[in-house]
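Visitor: Just passing along the structure, written as C-alpha cells.
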Amino acid sequence: MSFAKVNNIKLYYEESGVGFPLILISGFGADHRGWDAIFATLAQHYRVIRFDSRGAGRSDVPDEAYDTSTMADDVAALMDHLQIEQAYICGHSMGASIALSFALKYPQKIKKMVLCHGYPKINTLSTMVFDILDRMIDDESSPDVLGDYITPWLYPNATLSNLDNHPEVKERDNYLKTTKYPQTVVGFKGQLRALLSFNIDEELRRINVPTLLIAGDKDILTPMEDSQFLAERISQATLHVMRDVGHMSVVEKPQESAEIINGFLQL
C-alpha cells in the first residue's frame, strides 16, 4: 500500500515487476483494480504502475473542478515522485483522454502510448448515458442499481448472455458493487466534469508519439469510429480492432489484450 503526495493531493498507487516503466490509467469511476485482469501478465515484462485517479478509490477527492489536463499533471507528478523520467502510458476510456492530455503537455516523458477505447470528445449517446447516471446519483440510487444500469452499455450481448464463460466480467462487476472504496458523489461529479469537457479535436495533429489504438467492434460508448478518427490524425498511430468486444477489452479478453499491448511495446 503506497501513497504519493502529488499536485497538492494524495494518490494511491501500486507497482509490480521490473523493466521499463508502464503506467496504467483507469477510466471514469474506476480505481486501480480496473486493470486486475492484465496487471500480473504485464508485470512479467515491465515495471507496471497503476493508481487511483483523483476522485476514485483511495486517492483524495478534492471538491473542485476536474479536467484531464489537471489529471495529466497528476500522472507527471507521480512519475517525478517515483523518479521515472520516461514511461509507456496506457489509458482506458477516460484514462485514454488523460493519456492524450499527457502526450500534449509532457511529450518528453512518454515513449509509447496505448489508448484503449479512446475518443476525441464524448459523443451524444455517451453524454446521455452519463447524464442519466448523474441523475440516478442525485436520486441516491443504490450501487447495485447503478451497476446494473451501466453494465449493458459496457459489454456486447454475446458476453452478457454467457457470463459463466467470462469470469473476469463477473469478478469486476462484483468488485464494483462490494468495494470498500466506492466512488463518492463528489468524486463522481468531478470526474464526470472532466469526461464531458474533454475535446481534443483540434490538437491531435500535435501528438507525435508511437500510439496504439485498441477499439472494440461492439463498443457502444466509444465506437470504433472514434478510434479511427484518432488514428487518422495522430501521426504515428496504429489501430487494432478487437472482434466481439465492447467497451471493456481488458476485462472481456484479457489474454488477447495483454498480447496486443505487449506486442506493440516490444516493437
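Visitor: Is it possible to state the helix-based mean residue ellipticity at 222 nm for the chain, with each DSSP H run of 4+ residues giving -39500 (n - 2.57), the sum divided by total residues, to the nearest 500 deg cm²/dmol? What is it? Walk me through the numbers before you get to the answer.
Guide: Working: 11 runs with 115 residues, N = 267.
For the chain, the value works out to -13000 deg cm²/dmol.
Visitor: Would you please give the residues with an amide H less than 5 Å from that of K111, counting only those at least 5 places away or on a separate chain, with H modeled from the backbone geometry?
Guide: A87, Y88, I89
Visitor: Once each part is reduced to its C-alpha centroid, what is the distance from region 82-138 to region 149-207 in angstrom?
Guide: 12
Visitor: For D138, what is the net charge nearby, where nearby means another residue's Cβ is under 14 Å from its Cβ and Lys, Arg count +1, Asp, Glu -1?
Guide: After counting each charged neighbour, the total is -2.
Visitor: Over region 2-265, what is the percentage of antiparallel beta bridges among all DSSP beta bridges, to the nearest 5?
Guide: Counting only bridges with both partners in region 2-265, antiparallel ones make up about 30 percent.
Visitor: Related question: What is the pair-distance distribution P(r) of region 1-154, computed from all Cα-Cα distances in 10 Å bins starting at 0, with each bin given as a whole percent?
Guide: 11, 40, 35, 14, 1
Visitor: In percent, how large is the relative contact order of region 2-265, given Cα pairs closer than 8 Å and 6 or more residues apart?
Guide: Details: 517 pairs, mean separation 57.7, N = 264.
Relative contact order of region 2-265: 22 percent.
Visitor: Run the dipole for region 91-181 about the Cα centre, Lys and Arg Cβ at +1, Asp and Glu Cβ at -1, nothing else charged, and hand back the magnitude in debye, nearest 20.
Guide: 840
Visitor: To make sure I understand the rule: partners must be lysines, Cα under 24 Å from the Cα of K112, and not fewer than 8 residues away in the same chain. Which ones qualify?
Guide: The qualifying lysines are K121, K253.
Visitor: Could you run the Debye sum over the Cα atoms of the chain, one equal point scatterer each and no solvent, and tell me log10 of I(q)/I(0) at q = 0.08, 0.13 Å⁻¹, two decimals?
Guide: Result of the Debye calculation: -0.28, -0.78.
Visitor: Now for a different question. Along each principal axis of its Cα atoms, how long is region 94-152 end to end? Whole angstroms, biggest number first, please.
Guide: 44, 22, 20
Visitor: Sticking with this structure for a sec: Compute the convex hull volume of the Cα atoms of region 169-235, divide it by the residue count, and report the result per residue in Å³ as a whole number.
Guide: 143
Visitor: Still on this structure: Would you work out which of G57, A231, N162 lies farthest towards the positive end of the dipole of the chain, given +1 charges on the beta-carbon of Lys and Arg and -1 on that of Asp and Glu, about the Cα centre?
Guide: About the Cα centre, the residue reaching furthest to the positive side is A231.
Visitor: For M224, M79, what ranking results if the residue with the fewest other Cβ atoms within 10 Å of its Cβ goes first?
Guide: Ranking M224, M79 by Cβ neighbours within 10 Å, fewest first, gives M224, M79.
Visitor: Could you tell me what fraction of 2.2 N^0.38 Å the Cα radius of gyration of region 95-252 comes to, as a two-decimal ratio?
Guide: So the Cα radius of gyration is 1.09 times the expected 2.2 N^0.38 Å.
Visitor: Additional query: Of the residues G55, G190, G95, which exhibits the maximal mean-square fluctuation in a Gaussian network model of the chain defined by a 10 Å Cα contact cut-off?
Guide: G190
Visitor: Then there's this: How many percent of the alpha carbon pairs in region 58-103 exceed a separation of 13 Å?
Guide: That fraction is 59 percent.
Here, each number is a calculation from the coordinates, and none is a lab measurement. All of these numbers come straight from a predicted model, not from anything done at the bench. Using ideal geometry, Cβ is built from the backbone for each residue, glycine included, and neighbour counts are taken over all protein chains shown.
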